[in-house]
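The block underneath contains the structure these notes are about, expressed in structure tokens.
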Amino acid sequence: DIDGAIAFREAMLERRDDLDYEIDGTVIKLNRIDACELLGSTARAPRWAHAYKFPARSEVTTVRDIVVQVGRTGRLTPVALLDPVEVGGVEVSRASLHNPEQIAGLGVDVGDEVRVRRAGDVIPEVAEVLEKRSPGTFDFPDRCPVCGSQVEREGPLAFCTGGLTCDAQLVRAVVHYGSRQALDIDGLGEKLVAQLIERDLVRTAADLYHLDARRLSGLERVGEKSAANVVRAIDASRETTLPRFLYALGINHVGEVTARVLAEHFGSLEAIMAADEATLEAVPDVGPVVAQS
């Protein structure tokens, strides 16, 4: 029963350090196929199984700097650069501070002694300030550190308003366009895309289709063979499916599942482009926020 499953998890937690392999919890599954079929699955996971995680391991270290990164949607994420410390068998030198509200709640700044943990035993994050060695709290910028555009707050989050005029957002948008779940353009990694944007060879995803091997082979660490392979992969991406293309565009809140639902409902890109917000909201899984995007 469920109590027995929880007791097993607690017993495994006690045995954790004696095992000769790493575990971060136990998985509790329903043991009846008919009930599993009845519960079904979400887009990401089955409803009949639950990852019951152990408490995150943590260590103490010092914040040496705080930098602000810009994501594909313009979201600004502060990251603490740390004195390297081993947490659960992995050396950690960077840890997420999540957002401006988290920084304010922690009261953290450069020089503070902090407790760092790996959330879910994977992503390092600063959990608390143990000793305050700085005079104040990190002053979150009101301008994008990459393009200088105004920063807007949405609840606890902060966003760069520059859109694709911000090189950081543009790099991630083009990388997303060529990612495996999207157009699957092999070889179109972040370093190559950053060079293309820096040389002004790419300003939108559409510019990829004007590249040739000669231009690419002139870039750092790109040989003739690599350049030819990337051009071939870009050319092959001209033939794709509507769900993949919609997902590749990187529309905010439109993930793989919503892209598939939109494609099935409308049947063509032209029909989606012609749809107003009310028509979009008639689609399952599409509410006002997604329709606006």
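The values are calculated or read from the model by the stated rules, or taken from the named source; none is laboratory data. Note that this is a predicted model, so its numbers are computed, not measured. FYI the Cβ positions are ideal-geometry reconstructions off the backbone, even for glycines, and counts take in every protein chain you see. Heavy atoms of the whole protein, side chains included, go into the accessibility calculation; ligands, DNA and RNA do not. Shrake-Rupley method; radii C 1.70, N 1.55, O 1.52, S 1.80 Å.
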Problem - Residue satisfying condition, being open to solvent by 60 Å² or more (accessible area, probe 1.4 Å), hydrophobic (A, V, I, L, M, F, W, C) and more than 27 Å from the chain's Cα centre (by Cα), within set 274, 227, 236 - result: 274
Practice task
For residue 240, state whether it is at pLDDT 95 or above and among the polar types (S, T, N, Q).
Solution key: yes
Problem - the range 137-162 - residue that is in a strand (DSSP E or B) and not acidic (Asp, Glu) and, of those, most open to solvent (accessible area, probe 1.4 Å) - result: 153
Problem - Unique match (being open to solvent by less than 30 Å² (accessible area, probe 1.4 Å) and more than 24 Å from the chain's Cα centre (by Cα)) among 64, 15, 32, 9 - result: 9
Exercise for the section: Could you list all residues from the range 192-213 that are free of Cβ contacts under 8 Å to residues at least 12 places away in the same chain, open to solvent by 70 Å² or more (accessible area, probe 1.4 Å) and of a type outside the set (Asp, Glu)? Expected result: 210
Problem - Filtered residue count, the range 82-124, keeping only those that are among the charged types (D, E, K, R), under 28 Å from residue 22 (Cβ atoms) and surrounded by 19 or more Cβ atoms within 10 Å (Cβ to Cβ) - result: 3
Problem - Qualifying positions in the range 278-292 - open to solvent by 60 Å² or more (accessible area, probe 1.4 Å), part of a helix (DSSP H, G or I) and under 16 Å from residue 251 (Cα atoms) - result: 281, 288, 289, 292
Handout entry: Checklist (1) open to solvent by 20 Å² or more (accessible area, probe 1.4 Å); (2) within 25 Å of residue 258 (Cβ to Cβ); (3) of a type outside the set (Val, Ile, Thr); (4) not in a strand (DSSP E or B) applied to residue 187, failing item
Key = (2)
